[in-house]
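Here is the structure we will look at, set down as structure tokens.
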Amino acid sequence: MSPAQRLLIIAGLWELAMAWASSFVGAWFWHIRTAVSTIIFYYLLWFLVMGLVYGWAAMTPHSLRYQWLRGTGIAVAITYLGLLTVLGPASGHLVWVIAALTGFSSGFYWLSLYVGGAATVPPQKADWYNAWIGIVENVFAIVGPPVAAGIIAAFSSGVGYRVVFGLAMAILAGALVFGLEPFSPSTASASRSRTTPPKGAWHDVRWSMAALGLRDGILFFVPGLYLFIMTKSPLWLGWYLAIQAGVQTLAFWVLAHRSQKGSTKTRRRTALLMSVVSGGIFILLPTIPGVLILGVLTSVAYPIYKVQIEGHALAVIQETSQHSADQVGLTSMKELWLNSGRMMSFLIFLGFLTIGPSALAVMRIILALWPLTTLLIHIASRTSAKKNNASSA
């Protein structure tokens, strides 16, 4: 089995576990009567700690094996899921601990995924790899949420949540064992040569990643939380997440099979138009159908920018790395910019919460306006889009 294939399989197991567990953590905290502002702080701390992980990885003077990063991330995820499973409602007293562990886990795992891609995937396959990562992740995300929601609904007093968290632990334990590989001296730690990419190319990467993070920080988490608060039904949340994942899977599949066909500019303009329309529809229809339409349209738009931006970033990292260890530092900086955008989105959300009349009213305003942040991605990633068009011409 090739390293790239192993990366894709483990990515699928990780996403299945996260679709089971992380997708419902916000709903769990709301179920045990945690304030909305505390839940948003939970997400903010999560991404803050992720940023610290990326900052540490970018500054460390030695190379880091992506297999070690991956194993650490999965092991920490098993730890915080264990706390949720064992403690039950008492886990509400450890919101910040769980948020920090989630950040550590996600930081190490996602860093391993992209460092592993830079180490094993040739530059001409960058878009293909990122599209297939999206496909594998979302296929498992289609299956997980409805089944997990059914389990949650089948048990009383929130016991179902703990069952779901426990099953996610078991899935991650399997991924941890599957990811074990024999140690190779060639991948041991070594001094880093501190490569600096060209300013123009890196400027495009960092601002594109920051804009992408600003957009997805809110649109990944808040629509589902809004739907759950409004319906108080884990089943609605589960089916919403499954529909969203299904749409994204189809979009990633199309991009994987047609990455060299058609105009990047046309796809980007279509994604921008769908984003604007989704917000407009939600203004008129801030109900269950409005959330579903918002989720579908933004789920089509997201992969179009995601594949282009991540593919360009992977190519820049590979082209400017003089040593394999440099890929860790450059990938960490890229993810740090992505996380900075996510943190900014939650800070803005918290600002609205402090002045808004109610949490639901603020969510309605945010969800109506936030798809417009796609325009920032559109502007920031124009250079990489031109390069993609030139290479496919």
Problem - Per-pair calculated FRET efficiency, R0 = 45 Å: Ser157 and His203 via Cβ, rounded to 0.05 - result: 0.30
Problem - Efficiency of FRET from Cβ geometry, Ile283 and Arg382, R₀ 30 Å, rounded to 0.05 - result: 0.60
Exercise for the section: Report the extension gain between Thr354 and Thr38 in nm, rounded to one decimal, defined as 0.36 nm multiplied by the number of residues separating them, less their alpha carbon distance. Expected result: 112.5 nm
Problem - Inter-site label distance for Lys232 and Trp96 at 7 Å from Cα along Cβ, in nm - result: 3.1
Exercise for the section: Express the carbon and sulfur contribution to the solvent-accessible surface of the chain as a percent, rounded to the nearest whole number, probe 1.4 angstrom. Expected result: 70
Exercise for the section: Mind sorting out which of (i) 185; (ii) 123; (iii) 168 is the real volume of the Cα convex hull per residue in Å³ computed from the coordinates? Expected result: (ii)
Practice task
Go through the stretch 50-57 residue by residue and turn each phi into a ³J(HN,Hα) via Karplus (6.51, -1.76, 1.60, θ = phi - 60°); whole Hz please, and just put x for glycine and proline.
Solution key: 4, x, 5, 4, 5, x, 4, 5
Handout entry: Solvent-accessible area per residue, Å², over the stretch 1-86 with all protein chains present [probe radius 1.4 Å]
Key = 35
Fill in the blank from the handout: In whole Hz, the Karplus estimates of ³J(HN,Hα) for the stretch 235-248 (6.51, -1.76, 1.60; θ = phi - 60°; x where Gly or Pro) are 5, 4, 4, x, 6, 4, 5, 5, 4, 4, 5, x, 5, 5
Handout entry: Leading residue at positive end of dipole, the chain (Cβ point charges), from Val86, Ser345, Gly26
Key = Ser345
Handout entry: Chain lengthening between Ile293 and Val147 when straightened (0.36 nm per residue, less Cα-Cα)
Key = 50.4 nm
Exercise for the section: Please calculate how many Å² of accessible area the stretch 203-347 carries per residue, with a 1.4 Å probe and no DNA, RNA or ligand atoms counted. Expected result: 36
Completion exercise
Phi angles of the stretch 305-313, converted by Karplus (6.51 cos²θ - 1.76 cosθ + 1.60, θ = phi - 60°) into ³J(HN,Hα) in whole Hz with x for Gly and Pro, give 7, 4, 5, 4, 5, 5, x, 5, 5
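The values are calculated or read from the model by the stated rules, or taken from the named source; none is laboratory data. Predicted model, so just to flag it, every value in this text is computed and none were measured. Neighbour counts run over all protein chains shown; Cβ positions are idealised from the backbone, glycine included. Areas reflect the complete protein model, heavy atoms only, side chains present, ligands, DNA and RNA absent. Shrake-Rupley method; radii C 1.70, N 1.55, O 1.52, S 1.80 Å.
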